[in-house]
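Working notes for the structure below.
None of the figures in this text is laboratory data; all of them are computed from the coordinates on show. As the structure is a prediction and not an experimental result, all values here were calculated from the model. Cβ coordinates were reconstructed from backbone atoms using ideal geometry, including for glycine residues, and neighbour counts include every protein chain displayed.
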């Protein structure tokens, strides 16, 4: 016997069975099409817990503080973007969020529980590699040659222009913050 669900194309084949390691019958095999079950299905859902909006995704999925997600109505209620949320406190498996404006859309006053979310901006923030321009040319000499201050300032300015919240690095100029040097 075969049962099909038109929308998801999942079939249950009763003529095939799954057995455990001792050979005992466990049940029928659930066959799923291809690598994904539901194309474009939202895995991130919005909920309201004790007056705080929360999503069911966190650091284990790459959610970082400052990341922005677009919000669409719950499944079956439309596909138009109804607002955005900004991550304030990510935890391993969920995150607190606040309603916010993004691009040309104003912040909504409220959003429905069960709304579907999709990441539209990841703020790498604290996980960005902090880099700067070296103060001296690389050398094995006892006394290294300093990089001319004007050249270093020009390169640092260019590096800072390339550094954005979406970049994997952040340009800094404080010795205690530097994790890597750009050598010239």
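Points 7 angstrom from Cα along the Cβ direction at residue 173 and residue 56: gap in nanometres?
Those two pseudo-labels are separated by 4.8 nm.
Beyond 25 Å, what share of the Cα-Cα pairs of the range 54-184 remains, rounded to the nearest whole percent?
Working: 3833 of 8515 pairs.
Result for the distance tail: 45 percent.
Rank-order 86-96, 162-172 by packing density, defined as the average count of other C-beta atoms within 10 Å over each peptide's residues, highest first.
On the way: 86-96: 17.2, 162-172: 14.5.
Final packing ranking: 86-96, 162-172.
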